[in-house]
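The values are calculated or read from the model by the stated rules, or taken from the named source; none is laboratory data. Note that the coordinates shown come from a computational prediction; the quantities given were computed from them, not determined experimentally. When we count neighbours, we look across all protein chains shown, and the Cβ atoms used for this are built from the backbone with ideal geometry, even at glycine.
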Amino acid sequence: MVSRRQLLAAGWSKEEIDGRIRTGRLHRFHPGVYAVGHRLIAKEGWLMAAVLASGSEAVLSLRSAAALWGLRGYSDGAVHVALPRKTASTKQIRRHFSVIPPDERAVKEGIPLTSAARTIFDLASSEDAETIQTMLREAEYLQLWSRLSLPQLLERYPRKRGARKLQLALERLREEPPGRKHSKLEERFAPFLRRHQLPIPCFNDWILLGAKRYRVDCRWPGTNQIVELDGWAGHSSRSAFREDRERDRRLHVAGYSVTHLTWNQLEDEPAQIAADLRVLLGC
């Protein structure tokens, strides 16, 4: 992607630019923004085009920045861009007035965007605490360190919308054992346990039995209790089903207690599930 502003700064004349548009070597994407050579544009090209179309001070922000950082999935909606002046949005580009200092900016895949920490802070104003926790955990897993940390951002903007929610998410994260959550069911299980005042396990923990390692969804350190959170996606093949049964058998032989829970059980009988877990965990 390239903008007319960049081409003029590089020494191209208006006639040269217009000539390449006529011959199909530049393809208009947004006003003043062109795809070079062809129209088959990857997702990163769409993001870059939105930034270029918004001016030299614009940066990718909010959900679009979070997607590029790998903190959440891409959406099919408009691309979110922040810039230090008020300007109209379009159907394809949501422009937000926001002054982003240099130490809260970054560049990824050649695209200017808010730093990972600033991105999460900005989203704390609209996302729930559990979503913010998930992004914090993912940022930690991906080692997305910023020049300015989230605690430093909280000191800089103590009254910013979402600050209290972010502080709560950081405190909860410090209380949880390490481990990356791989599914929506795992993300729901931690708040379920907190609601019922049950201890938080290590998620996606590894157990070595003989020469083989087995990954388990939830394990409570200091106990022999393991919980497997079963969704349809996790057992979509016969080989996966066989491997799960082998793992459970080996764990039982080694003295572990394995309990399987489903989304429907957490939804339909939360009190009974909580009571059973309390007995198993000796709480």
Problem set entry | Test for Met48: is it within 20 Å of the chain's Cα centre (by Cα) and either farther than 30 Å from Leu144 by Cα or not assigned by TED's automatic domain parsing to the domain that holds Ser125 (or both) | yes
Seminar exercise, completed: Of the conditions (1) charged (D, E, K, R); (2) at pLDDT 85 or above; (3) within 30 Å of the chain's Cα centre (by Cα), the single one that Glu246 does not satisfy is (3)
Seminar exercise, completed: If we keep only residues of segment 211-230 that are in a loop (DSSP other than H, G, I, E, B) and without any contact (Cβ under 8 Å) to a residue 24 or more places away in the chain, then the residue surrounded by the fewest Cβ atoms within 10 Å (Cβ to Cβ) is Ala211
Exercise. Restricted to segment 255-272, and to residues that are at pLDDT 90 or above and over 15 Å from Ile226 (Cβ atoms), which residue is surrounded by the fewest Cβ atoms within 10 Å (Cβ to Cβ)?
Worked result: Ala271
Exercise. Within segment 144-190, which residues are small (Gly, Ala, Ser), out of contact with any strand residue (DSSP E or B) (no Cβ under 6 Å at 6 or more places or on another chain) and either modelled with pLDDT under 90 or not in a helix (DSSP H, G or I) (or both)?
Worked result: Ser146, Ser149, Gly162, Ala169, Ser183, Ala190
Exercise. Does any residue of segment 16-30 turn out to be under 30 Å from Ala124 (Cα atoms) and of a type in the set (Lys, Arg)?
Worked result: no
Exercise. In this structure, does Asp18 turn out to be of a type in the set (D, E, K, R), without any contact (Cβ under 8 Å) to a residue 12 or more places away in the chain and in the same structural domain as Glu138 (by TED's automatic domain parsing)?
Worked result: no
